[in-house]
Amino acid sequence: MELNKYLDLSPEVAQALAAGKPVVALESTIISHGMPYPQNVETALQVEEIIRENGAVPATICIIGGRLKAGCTREEIEYLGKAGPKVTKASRRDLAMLVSRKMDGATTVTTTMIIAHMAGIKVFATGGIGGVHRGAETTMDISADLEELAHTPVMVVCAGAKSILDLGLTLEYLETHGVPVIGYGTEELPAFYTRKSGFGVDYRVDSPEELARFFNTSLELGMGAGILVTNPIPEEYSMDPNIINKAIDEALAQAKAQGIHGKETTPFLLAKVKDLTGGDSLDSNIQLVFNNARLAARTAAAMVG
Ligand code: PSU
Ligand code: MN
C-alpha cells in the first residue's frame, strides 16, 4: 500500500500491518492535555503494555517535526508528557499547518482517527471523546470529534462521555450524522466516571467477536463512518455520581467566570475536575483507559482472526 508522504509508521506497526496483525491506535492529547505529568507518561506506557498482553500492537499517534507518527517511541511519549499543554492540541483544522511548519502536535480523537485511517488502523482506544458542550445552543461549542466519527471509518472505544458535555445533545448529533453508539454489555450510555447516564445507546453488544463482526460489516457495506463503542468503567473504580457531578458543576462555573472558550475548554474542565476531586477522578480516568485498551485489543484481534 502506498503510504501518505507525511506519514511514518514505526517498524513494529509497519510489520504488524503488513502481516495483517491487529493494531490499536492511541491518542496523544490525553497525554499532553488530559492528565498531569508523570501519571500521563506512566499511563500511556502501561496502556501500550495492556494492548500487547491482549494480542494487538499499540500505535500511539502524534505529530513530531511535522511528521505524522503511527507508533511513537518511548522518548516521544515522554516528551509529549513532560511538555504537556506547551504542545499544540491538534485537531483537524491544525493538521496541514503543523505539517507544513514542521511542528509538533498532540492528536485529539479527531486527528488520531485521521492518521489511523491513513495508516490502515481500524480500532482506536481512548478515555473520553469530545461532544456537544452544555450551552452549545448559544456557544456552538461542538467537538470536531463528532464530525470525524461521521466521516472516518475507525472504531473508537471510549468510556462514554463526561457530563461536562450535554449527553443528550451529543447523542442527537451522532444520530443525525449516522454514527452508531454501541453499549458494551449495557443498554445505557456510560458517563465516563460513572456507569450510568440515564440515556440509552443504540445497540448493546456483549463480546469482542460481536463488535468485530459489526464493524467489519460496516466497512464492507462502505458506510464510510466510524462507530462509537462505549465501555462502562469497571464497578470498583466508578465514582459517586454526587461527588463527580458537584465537581463538574463547579468546574463549569469557573470556566464561565474566567471566560474560557474554544480549544481550552475541555483541558480546563478536565484539570479542574481532577483538582476538585483530590485526584480520585484521575485514578478512575486511568483505570477506564486500561479497560478500554483491553476491549479494543481483543476486538482488533477478532476483526482479523
Ligand atoms: N475527554 C476526556 N479526555 C480527553 C479529551 C476529552 O475525557 O483527554 C480530549 C480528547 O483528545 C478529545 C479532545 O478528542 O479532548 C476533545 O477536545 P474538544 O472538546 O476541544 O474537541
Ligand atoms: Mn470545542
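The values are calculated or read from the model by the stated rules, or taken from the named source; none is laboratory data. Values in this document were obtained by computation on a predicted structure and should not be read as measured data. Glycine also receives a Cβ, built like all others from the backbone with ideal geometry; neighbour counts cover every protein chain displayed.
Before moving on, here are some points about what is shown:
- Flag for ILE164 being in contact with a strand residue (DSSP E or B) (Cβ under 7 Å, 6 or more places away or on another chain), crowded, with 17+ Cβ neighbours inside 10 Å and under 19 Å from GLY128 (Cβ atoms): no
- Any chance ALA25 is within 21 Å of THR111 (Cα to Cα) and either within 13 Å of ligand 1 (Cβ to nearest atom) or part of a loop (DSSP other than H, G, I, E, B) (or both): yes
- Top-ranked residue of segment 261-295 - restricted to ones that are among the basic types (Lys, Arg) and over 19 Å from ILE142 (Cα atoms), ranked as nearest to ligand 2 (Cβ to nearest atom): LYS272
- Every pair of residues 6+ apart whose Cβ atoms lie under 8 Å, when the first sits in segment 122-149 and is within 11 Å of ALA161 (Cβ to Cβ) and away from ligand 2 (no atom under 14 Å from the Cβ) while the second is modelled with pLDDT of 95 or more and in a helix (DSSP H, G or I): GLY127/ILE30; GLY127/ASN285; GLY127/LEU288; GLY127/VAL289; GLY127/ASN292
- Among (1) away from ligand 2 (no atom under 16 Å from the Cβ); (2) part of a helix (DSSP H, G or I) - the single one VAL157 does not satisfy: (2)
- Count - residues of segment 247-260 that are without any contact (Cβ under 8 Å) to a residue 24 or more places away in the chain, more than 16 Å from ligand 2 (Cβ to nearest atom) and closer than 21 Å to VAL132 by Cβ: 3
- Among the numbered conditions (1) surrounded by 13 or more Cβ atoms within 10 Å (Cβ to Cβ); (2) more than 20 Å from the chain's Cα centre (by Cα); (3) more than 27 Å from THR139 (Cα to Cα), the only one that GLU235 does not meet is (1).
- Among the candidates ALA116, ALA83, ALA70, ALA59, residue that is over 27 Å from ARG213 (Cβ atoms) and modelled with pLDDT of 95 or more: ALA83
- Residue count for segment 140-161, restricted to those that are buried (at least 24 other Cβ atoms within 10 Å of the Cβ) and among the hydroxyl-bearing types (Ser, Thr, Tyr): 1
- Residue match in segment 88-109 (condition: in contact with a His (Cβ under 7 Å, 6 or more places away or on another chain), within 15 Å of ligand 2 (Cβ to nearest atom) and farther than 29 Å from ALA212 by Cβ): yes
- Residue match in segment 276-287 (condition: within 15 Å of ligand 1 (Cβ to nearest atom) and in contact with a strand residue (DSSP E or B) (Cβ under 8 Å, 6 or more places away or on another chain)): no
- Only residues that are acidic (Asp, Glu) and either in contact with a Phe, Trp or Tyr (Cβ under 8 Å, 6 or more places away or on another chain) or more than 16 Å from ligand 2 (Cβ to nearest atom) (or both) were counted in segment 160-172, giving 1.
- The one condition in (1) away from ligand 1 (no atom under 14 Å from the Cβ); (2) charged (D, E, K, R); (3) in a loop (DSSP other than H, G, I, E, B) that GLU172 fails to fulfil: (3)
- Scanning segment 220-231 turns up no residue that is part of a helix (DSSP H, G or I) and either touching a Cys at 6+ places or on another chain (Cβ under 6 Å) or in contact (Cβ under 8 Å) with a residue 24 or more places away in the chain (or both).
- The combined condition, being in contact with a Pro (Cβ under 7 Å, 6 or more places away or on another chain), under 27 Å from LYS274 (Cα atoms) and either touching a residue at least 60 places away in the same chain (Cβ under 8 Å) or not in a loop (DSSP other than H, G, I, E, B) (or both), is fulfilled by ILE51.
Results for (1) near ligand 1 (Cβ under 10 Å from one of its atoms); (2) crowded, with 24+ Cβ neighbours inside 10 Å, shown as yes or no for each residue.
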site	(1), (2)
ARG93	no, no
THR112	yes, yes
ALA125	no, yes
THR138	no, no
GLY168	no, no
THR176	no, no
GLU188	no, no
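- Filter result for ALA225 (more than 23 Å from ALA271 (Cβ to Cβ) and surrounded by fewer than 22 Cβ atoms within 10 Å (Cβ to Cβ)): yes
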